[in-house]
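Right, one structure below, let's go through it.
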Amino acid sequence: MNRSLFRTTIIENNLINLIYEYNLKESDEIRAKFENKFLKTNIKNEYYWENFIKIYKKLDCFNWKDLFQIINDLNYRNEKNIIIMSDAFEDKILIKTQLMYLERLLDIAWYPSDDLYIIDKNLSWCISLTHHDFIIISKVDC
């Protein structure tokens, strides 16, 4: 099974204590719910962000550290736990972490060549960091 560069780097840098790795069954269940809520069913592009049903906002030429201002602006800072995933072809396993650890994980383990999806536990919003240097925010209720 493939492991994303993000998850590999978390393990290699001994950050595993900052995350919970869902097992494959749990990951598949969450991913299916995500796909049902966020993605167009009649179109299948390679990347999830290409298939979002609703895009609340797209921000070009971002610095990933802007993400935390975006989280504050959207009033998501009250989220305690978040889910992070890659596109399914990259890594089928999802991880859960606390929002307070996100900056450390991104700073150490994320490479801009990888797409990441940061999702709330209720699957009501998703922030996608893309390899094309933009952030896409998708909300179920937008």
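The values are calculated or read from the model by the stated rules, or taken from the named source; none is laboratory data. Keep in mind the model is a prediction, meaning the values are calculated, not measured. With ideal geometry, Cβ positions are generated from the backbone for all residues, glycine too; neighbour counts draw on all protein chains shown.
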Of all residues in segment 95-123 being hydroxyl-bearing (Ser, Thr, Tyr) and modelled with pLDDT of 90 or more, the one that is farthest from Leu39 (Cα to Cα): Tyr101
Boolean, Trp125 is under 13 Å from Leu5 (Cα atoms), among the aromatic types (Phe, Trp, Tyr) and crowded, with 17+ Cβ neighbours inside 10 Å: no
Residues that are surrounded by 15 or more Cβ atoms within 10 Å (Cβ to Cβ) and in a helix (DSSP H, G or I), drawn from segment 2-15: Leu5, Phe6, Arg7, Thr9, Ile10
Some residue of segment 112-120 being among the hydrophobic types (A, V, I, L, M, F, W, C), in contact with a Phe, Trp or Tyr (Cβ under 9 Å, 6 or more places away or on another chain) and over 22 Å from Glu12 (Cβ atoms): yes
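Checking the conditions here, which among Leu59, Leu18, Leu106, Leu99 is surrounded by fewer than 17 Cβ atoms within 10 Å (Cβ to Cβ) and of a type outside the set (Phe, Trp, Tyr)?
On the way: Leu18 fails: surrounded by fewer than 17 Cβ atoms within 10 Å (Cβ to Cβ); Leu106 fails: surrounded by fewer than 17 Cβ atoms within 10 Å (Cβ to Cβ); Leu99 fails: surrounded by fewer than 17 Cβ atoms within 10 Å (Cβ to Cβ).
Result of the check over Leu59, Leu18, Leu106, Leu99: Leu59.
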Selected residue (only one of Lys58, Lys44, Lys25, Lys37 is over 16 Å from the mean Cα position of the chain (by Cα) and at pLDDT 80 or above): Lys25
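Restricting the search to segment 133-142, which residues are farther than 15 Å from Asn75 by Cα and loosely packed, with under 14 Cβ neighbours inside 10 Å?
To start, the set of residues in segment 133-142 that are farther than 15 Å from Asn75 by Cα comprises 133-136, 140.
Of everything in segment 133-142, just one residue is farther than 15 Å from Asn75 by Cα and loosely packed, with under 14 Cβ neighbours inside 10 Å, namely Asp133.
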In segment 62-96, the residues that are surrounded by 14 or more Cβ atoms within 10 Å (Cβ to Cβ), more than 15 Å from Arg7 (Cα to Cα) and either basic (Lys, Arg) or touching a residue at least 60 places away in the same chain (Cβ under 8 Å) (or both): Phe62, Trp64, Leu67, Ile70, Leu74
Scan of segment 16-27 for residues that are in a helix (DSSP H, G or I) and touching a residue at least 24 places away in the same chain (Cβ under 8 Å), ordered by number: Leu18, Leu24, Glu26, Ser27
